[in-house]
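Only one structure is covered here, and it is reproduced in the block below.
None of the figures in this text is laboratory data; all of them are computed from the coordinates on show. Keep in mind that what you see is a predicted model, and the values were worked out from it rather than measured. So basically every Cβ, Gly included, is an ideal-geometry build from the backbone, and we count neighbours across all protein chains shown.
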Amino acid sequence: MNRHDQEKITAIRARARREKRAKNSGPAAGGKKRKKARLVINGFFAVVAVLVVLGALLGSGDKNESAIPLLIFLGWPVIWYNVSSVLFGRTTSRINAIGGGFLISITYFPAALIAYTSIEEANALEEAERAGFSSINEHENARRRGFSVKRDLVEFERKEAINKERRAHDQALAKKIAKDERVAKQKERSRLRAEKCRRDLGCWAQKYVFTASRYCQGSIERLAKYDFQWTDGGGIFDSKFTHFRWKDKSDLTVTYLGDKLKLQNGFGAWQYHKYECDYDPQAKSILAVRVSPGRLTN
């Protein structure tokens, strides 16, 4: 090989190296680099999101309250970056691309919120049904009362109903006992008053004076030989008797006395008479009646 051929081969190799460098540093190469950078960034966000979600799942017993909100929050930067780079990366400046991507990516939150709410409700309903409840509200009300399973709530309410019925029965019984005690005390007081009255002439005689007046009046009138005339006024509250004494204290019989009677003699003249009626209040019977001329002396 001569020198001319060597120089030609060297020139060809140099041109190939220049073309390779130009290819690696041109627009296509830049696009590949940006694509690789997006993949690296997206992969980073995805790995972080997965790690955080897994940590939340392992560290919390309720995945609906921890993992899903974290997933929603950590997924938003990934969507923001991709929207900015895909929709605006080649047509506008970097600042405009970031702003446009932000405005579009925030619509992700309502959709994510709706999805999260639906998942939350579905899980809550499933949990309520597993616990034996027919609705979420029923389950929540039971949990506020400290019951997570319906059978425990039913058993508690059954015992409460029994206790309520027992308390109502005890209260009714206590009221009845109290009432019976009041009635017994009233009866005892009445008995003591009656017993005291039976030993007192004034109380005993006054208690039956109107009854004796009504019973004795006819018997006294039948003792008149001719006509008779009462001078007490004849009112419903007027008594024929003004005085009384024991006839027999042991039998509780009383002699009632009065002088509000005029009797006519055979000549038509009127004369005051006093009268007596022996009366048994307990038997409501007249034992004897007597009439004699004159007036009572105090």
Rounded to the nearest 0.05, what FRET efficiency do residue 149 and residue 175 give with R0 = 51 Å and r taken as the Cβ-Cβ distance? Could you check? 0.85
In bins 5 Å wide, starting from 0, what share of all Cα pairs of the stretch 103-247 does each bin hold, as a percent? 2, 7, 8, 7, 6, 6, 5, 5, 4, 4, 4, 4, 4, 4, 4, 4, 4, 4, 4, 3, 3, 2, 1, 1, 0, 0, 0
Set 260/284; 185/240; 176/196 screened for pairs whose C-alpha atoms are more than 28 Å apart: 185/240; 176/196
Give me the extension gain from residue 11 to residue 166: residue separation times 0.36 nm, minus the current Cα-Cα distance, reported in nm with one decimal. 44.6 nm
Nearest-0.05 FRET efficiency for residue 257 and residue 193 at R0 = 22 Å, using Cβ-Cβ distance, is 0.25
